[in-house]
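Remarks on the structure that follows.
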Amino acid sequence: MQVTHFWDKLYLHRHKIVFALALCVCAFAAEAQKSTRWVQKNNPNYDNKKLTYGFLIALHSSIYQTQYSDRFVSHAFDTVHSVTSSWTSGFSLGFIVNYRLTEFLDIRLTPDVAFYEQQVMYQYTDEHTDNQRLESTMVEFPLLLKYKSERRGNIRMYMIGGVKPAIEASGKKDAASSRLEISKSNMSLEAGFGFDLYYPLFKFSPEIRFSRGIVNMLGNPDNEYGQPLRRMNTNTITLYFLFQ
């Protein structure tokens, strides 16, 4: 019960936590930038390597963007007032394989395992609600291009973007007549920015990435939960901590 209470607290204050972490990252990067002129470069030849490896830890907040179907306005669903989704939190763990293309451009593969818990709420005209909680474990394979600025001291900024295919790994099967069903695979477009911070033995990179799903995640449009909907897309904001 204490663990559940702890995660509930994190969920209630998730936006404050992400905002505070982002401020800390920006403040740390700004402080490092001010001192770059007087600091000796750590690991000065690191960026000359063609192939580098690492690992990542990430915190994300995601939501489904829903679109209603024509059935939603039919007499069969007069009792359904609305179908909405809310932001939920999760985390992911993964690896980094980075290949240097040019001085300022890398190509990067960051396979990870991500844990999601989505919520879709059905509100009815008699004021009762039906909250569909959708837990999933996704194996993701982001393929990204990383455009880097010039290194200044022990810091450099970069922008990153690409595609992220994902496939369900948990193997759960919900009863078609009693739950909202979600597709077992997804494809997203990703874009973000971050900072490379160089240390004597490793490189640490805090990064913020925005993800927009382009695949319809509605798994079964014919059961009682799927009929009011035409399309469901994922929107995700992720804070990454990368170590190389």
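The single residue among Ser61, Ser35, Ser86, Ser74 that is within 28 Å of the chain's Cα centre (by Cα), modelled with pLDDT under 95 and either surrounded by fewer than 11 Cβ atoms within 10 Å (Cβ to Cβ) or of a type in the set (Ser, Thr, Tyr) (or both) turns out to be Ser86.
Consider Glu127 carefully, then state whether it is assigned to a loop (DSSP other than H, G, I, E, B), at pLDDT below 95 and loosely packed, with under 15 Cβ neighbours inside 10 Å. So Glu127 passes the test. Which residue, of Ser89, Ser188, is of a type in the set (Gly, Ala, Ser), in a strand (DSSP E or B), touching a residue at least 60 places away in the same chain (Cβ under 8 Å) and in contact with a Ser or Thr (Cβ under 7 Å, 6 or more places away or on another chain)? Checking each option against the conditions leaves just Ser89. A count restricted to segment 203-244 and to residues that are without any contact (Cβ under 8 Å) to a residue 60 or more places away in the chain and hydrophobic (A, V, I, L, M, F, W, C) stands at 5. Taking (1) surrounded by fewer than 20 Cβ atoms within 10 Å (Cβ to Cβ); (2) in a strand (DSSP E or B) in turn, Arg156 satisfies each apart from (1). Which one of these is polar (S, T, N, Q), touching a Gly at 6+ places or on another chain (Cβ under 8 Å) and farther than 24 Å from Tyr240 by Cα: Ser183, Ser205? Only one candidate passes the filter, namely Ser183. Which residues, taken from segment 140-153, are touching an Asp or Glu at 6+ places or on another chain (Cβ under 9 Å) and surrounded by 16 or more Cβ atoms within 10 Å (Cβ to Cβ)? Selection gives Glu140, Pro142, Leu144, Lys146, Lys148, Arg151. Contact map, segment 65-79: residues that are farther than 13 Å from Thr125 by Cα paired with residues that are assigned to a helix (DSSP H, G or I), Cβ distance under 7 Å, separation 6+ or inter-chain. Pairs shown: Arg71/Phe77. Considering only residues in segment 73-86 that are among the aliphatic types (A, V, I, L, M) and assigned to a strand (DSSP E or B), the one that is nearest to Arg133 (Cα to Cα) turns out to be Val83.
Condition first: at pLDDT 95 or above, touching a strand residue (DSSP E or B) at 6+ places or on another chain (Cβ under 7 Å), surrounded by fewer than 20 Cβ atoms within 10 Å (Cβ to Cβ) and part of a strand (DSSP E or B). Can you find one or more residues in segment 167-179 that meet it? Taking every residue of segment 167-179 in turn, at least one turns out to be at pLDDT 95 or above, touching a strand residue (DSSP E or B) at 6+ places or on another chain (Cβ under 7 Å), surrounded by fewer than 20 Cβ atoms within 10 Å (Cβ to Cβ) and part of a strand (DSSP E or B).
Scan segment 98-118 and tell me whether some residue there is more than 22 Å from Leu51 (Cβ to Cβ), of a type in the set (A, V, I, L, M) and not in a strand (DSSP E or B). Among the residues of segment 98-118, not one is more than 22 Å from Leu51 (Cβ to Cβ), of a type in the set (A, V, I, L, M) and not in a strand (DSSP E or B), which makes the answer no.
The values are calculated or read from the model by the stated rules, or taken from the named source; none is laboratory data. Everything quoted here is computed from the prediction, not taken from an experiment. Ideal geometry is used to build each Cβ from the backbone, glycine not excepted, and the neighbour counts take in all protein chains shown.
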